Structures are given as C-alpha cells and as structure tokens.
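A.B. asks: Below: one structure in structure tokens.
The values are calculated or read from the model by the stated rules, or taken from the named source; none is laboratory data. Quick caveat: nothing in here was measured; it's all calculated off a predicted structure. Note that each Cβ is placed from the backbone with ideal geometry, even for glycine, and that neighbours are counted across all protein chains shown. Remember, those area values only see protein heavy atoms, side chains included, never the ligands or the DNA or RNA. Shrake-Rupley method; radii C 1.70, N 1.55, O 1.52, S 1.80 Å.
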Amino acid sequence: MSTTRENGSLYTSIQNKIATVEFGHPASNSFPSELLERLQKEFQKLSENEEVNVIILKSEGEKAFCAGASFDELVAIENLEQGKQFFSGFANVINAMRMCKKPIIGRIQGKTVGGGVGLAAACDYSMATEAAAIKLSELTIGIGPFVIAPAVERKMGLAALSELSLAAHEWKNAYWAQEKGLFAKVFESISDLDKEVELLSEKLASYNPQATQEMKKVLWENTAHWDKLLITRAAVSGELVLSEFTKNALSKFNK
C-alpha cells in the first residue's frame, strides 16, 4: 500500500546482511526536501553499519519509480538561497550514494523522471522492468538536469546525456536505457525483477565485504570533486528557477 504522508515515507529493513531501503510519496514517488534529507542520512548510516554488506534501493507501489523532486516545493522557491537549497537535495543524496561503502542495487519498477534518473544512475547496479521508461524534462521548464548530469554521464556517456537532456520532451524506453548502460538487465514483470534483485543481493552479501568496498572505490574513482561540483550545479538551477521563463512555464503546469 502506498503512503499518503505529505512528506513521504522511508523504511529500511535489514536481513541477512542486506538492507532494503524503500521510499514513497503519494505524488508518483517524488521527493520533497525532507525525504531527500532522510534518504541522504540513511545511506550515510548504512555505510557505517557492519551488519550490512549490500543495499537495495526501491520505491513503493507498482507504477512510477520516481517522479523527481517535489513540484509543490519547486513552484514555491522565492530567492537564490531557497533555490540552491532545494536543488542541493538530490546533490546530497547522490554524493551520499557515491561515498557509501556498500554496493547499492537499484530496483526500478516503473517510469522515472529527472532526479529519479539521477538516483538510478548513482546506484552501482540497476535493474528494471519494461515499464521503466526515463525522461529528463528539465529544459521544458527552463532549467536543466545540471545536478544529476555527472551521475548520468558517468553511467551512460555524454552522447546519451545529450540525447536525454536536449530531447527533453521524449520518453526513452527501458531497453534504450539498458543499451546505454543505465540498466544492467530489463525484465518483463516486477516478479522477475524481484527474483533477480534478490539473487544478486544475496550473492553480493556473501562476498568478502572488504573486497566489495574496495571495488566500489574503484567504480567511483575520479569523482571526489563532486562534493563541490554538484552543489555548484544546484546553485545554477536555483538561479534559473527564478527566471521569468521558468516562472511562466511553471504557472502553466500549475493550472
């Protein structure tokens, strides 16, 4: 059952060295700032938990995986500081995922937009269903996917980032995302996806945790500068969201 909480929900269960982190929000599993902060802290906590060897990231329900950042909070931004703080939410989560010592498996069951694509890209290994189409729609409202772009480019390459961000009106299907490297595997059903997520997580949890931690360092080599880079990108978005173009675009969506 999906949450009805305005600020969303976040639950973690730990079993057999596997931590399953599940987030939810009534608006297509989008993220208000409070929920992003909770997710960031959860990854930081699990990173240091010796009872955890691997993390699964999933969202509630059988429809959208994640609709990105909260639209209500986006339209309420009134100044540069608020804008920077709002867009820093996904920056902080991506950096927490990057620095987390444990491998993170993304379980993507449905459509994902904007920051949700960033989350999938920041996972160390993502799997999806055929329903998991992706879109970076930011340019359509006068901003851009600046904060998540480094994560998307690292996983999918500059050509795919260009195609996603410039064709901001287009959905790309799950097989396209697999071809470009975002998803390792794509399944016909959620049950098939869950079986494979369970199998991989059990295998990873059984490996030498020191080895998987060292492997994660290798996978994220040359990204230490993201601490500053992503916050700088958040400031760019924070400024653009105050532009007349974006304010007009958002007002049309808000009607």
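A.B. asks: Return one whole number: the accessible area per residue of the range 109-197 in Å², for a 1.4 Å probe.
C.D. replies: 37 Å²
A.B. asks: Give me the extension gain from L139 to E214: residue separation times 0.36 nm, minus the current Cα-Cα distance, reported in nm with one decimal.
C.D. replies: Computed gain between L139 and E214 is 23.3 nm.
A.B. asks: Output ³J(HN,Hα) for the range 188-198: one whole-Hz value per residue in order, computed from phi by the Karplus curve 6.51 cos²θ - 1.76 cosθ + 1.60 with θ = phi - 60°, and x for Gly and Pro.
C.D. replies: 6, 9, 5, 4, 5, 4, 5, 4, 6, 4, 5
A.B. asks: Show me the ranking of peptides 213-220, 155-162 by mean Cβ neighbours inside 10 Å, starting with the highest.
C.D. replies: Ranking, from highest mean packing down: 155-162, 213-220.
A.B. asks: Mind pulling up the Rg/Rh value for the range 1-113? Radius of gyration and Kirkwood radius, both on Cα. Show your work: numbers first, answer last.
C.D. replies: Numbers: Rg = 14.2 Å, Rh = 14.5 Å.
My calculation of the ratio gives 0.98.
A.B. asks: Alpha carbon centre of the range 178-203 versus the range 6-83: separation in Å?
C.D. replies: 20 Å
A.B. asks: Now a separate question. Would you kindly derive the ³J(HN,Hα) couplings of the range 150-164 from the backbone phi angles with the Karplus curve 6.51 cos²θ - 1.76 cosθ + 1.60 (θ = phi - 60°), listing them in order in whole Hz, with x for Gly and Pro?
C.D. replies: x, 5, 5, 5, 4, 8, 10, x, 5, 5, 5, 4, 4, 5, 5
A.B. asks: Additional query: Tell me the carbon and sulfur percent of the accessible area for the range 199-241, rounded to whole percent, probe radius 1.4 Å.
C.D. replies: Ligands and nucleic acids excluded, carbon and sulfur reach 58 percent.
A.B. asks: Which length gain, in nm to one decimal place, applies between A224 and I14 when the Cα-Cα distance is subtracted from 0.36 nm times their residue separation?
C.D. replies: Taking A224 through I14 to full extension adds about 72.7 nm, to one decimal.
A.B. asks: While we're looking at this one, here's another question. When DSSP assigns beta bridges and you keep just the ones with both residues in the chain, what percent turn out antiparallel, to the nearest 5?
C.D. replies: Close to 30 percent.
A.B. asks: Return the tail of the calculated pair distribution for the chain, meaning the percent of Cα-Cα pairs more than 32 Å apart.
C.D. replies: So the portion of pairs separated by more than 32 Å is 15 percent.
A.B. asks: A follow-up question, please. Using a Förster distance of 25 Å, how high is the FRET efficiency between R5 and K45, based on the Cβ-Cβ distance and rounded to 0.05?
C.D. replies: The value I calculate is 0.75.
A.B. asks: At a 1.4 Å probe, what is the % contribution of carbon and sulfur to the accessible area of the range 1-126?
C.D. replies: Of all accessible area on the range 1-126, carbon and sulfur atoms account for 46 percent.
A.B. asks: Which FRET efficiency value, to the nearest 0.05, is calculated for N173 and E37 with the Förster distance at 25 angstrom and r the Cβ-Cβ distance?
C.D. replies: The value I calculate is 0.20.
A.B. asks: To continue, here is another question. Only Cα pairs under 8 Å and at least 6 apart count here; give the relative contact order of the chain as a rounded whole percent.
C.D. replies: Taking the mean separation of contacting Cα pairs over the length of the chain, I get 21 percent.
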